[in-house]
1. Take the eigenvalues of the Cα gyration tensor for the stretch 1-128, scale each by 5, and report the square roots as semi-axes in whole Å, largest first.
2. Rounded, prolate or oblate for the stretch 111-165? Axes are the square roots of the Cα gyration tensor eigenvalues, ordered a ≥ b ≥ c, and the cut-off for rounded is a/c under 1.5.
3. In debye to the nearest 20, how big a dipole does the chain give about its Cα centre with +1 on each Lys and Arg Cβ and -1 on each Asp and Glu Cβ?
4. Between the stretch 1-18 and the stretch 34-48, what is the separation of their alpha carbon centroids in Å?
5. Just the number, please: carbon plus sulfur as a percent of the accessible area of the chain, 1.4 Å probe, no ligands or DNA/RNA counted.
6. Using each residue's phi in the stretch 139-144, evaluate 6.51 cos²θ - 1.76 cosθ + 1.60 at θ = phi - 60° and report the 3J(HN,Hα) Karplus result to the nearest Hz, with x for Gly and Pro.
7. Would you mind computing, in nm to one decimal, how far apart the modelled labels at Ser6 and Lys78 are, each placed 7 Å from Cα along Cα→Cβ?
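The values are calculated or read from the model by the stated rules, or taken from the named source; none is laboratory data. A quick note: this is a predicted structure, and the numbers were derived from the prediction, not measured. Cβ coordinates were reconstructed from backbone atoms using ideal geometry, including for glycine residues, and neighbour counts include every protein chain displayed. For accessibility, only protein heavy atoms count, side chains too; no ligands or nucleic acids. Shrake-Rupley method; radii C 1.70, N 1.55, O 1.52, S 1.80 Å.
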Amino acid sequence: IWHGDSTLPDLDLIVIPGGFSFGDYLRCGAMAARSPVMREVAERARRGTPVLGICNGFQVLTEAGLLPGVLMMNAHLKFVCRDVRLRVESNQSMFTSAYAAGETVTYTVAHHEGNYFADPATLEELEQNGQVAFRYLDNPNGSQHDIAGIFNRERNVLGLMPHPERM
């Protein structure tokens, strides 16, 4: 789908992949979140269509307001690319139902701005509502609460910093 499109065909799943949207010249995902097609993505998500944002796609989802929080520069200010271990925090979604809660998986991270940040009230809400999908076991970027991926309240939108497609 082209970023300038304003409509989407019937879809069972929308995936916003990693990559450098608009060169990431402003904030990662900030310009892509304002693309015409994102209005339709947001509407489809509200109607229940599953949406998965991976790495830069996660950044786009936060910038578009489909997920809370922001992704900032890694705490050590360096690009990180390596395999990381994650704990599955919730298997109560179509994205995670094949896992057992508490299971450990390995995915690859490849980012410079993957440090998840949210205000204390948002973090508490994510924890209380079981919206943390994956948590780093060895946090590579300084993410608060070791968050690697989160759901929206309805669990049909998942933002995930690591790249499952690379495994």
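1. Over the Cα atoms of the stretch 1-128, the semi-axes work out to 23, 20, 15 Å.
2. Oblate shape, in that a/c is at least 1.5 and b/c is the bigger or equal ratio.
3. 160 debye
4. What the calculation gives is 9 Å, centre to centre.
5. 52 percent
6. The phi angles translate into 4, x, 9, x, 3, 4 Hz.
7. 4.7 nm
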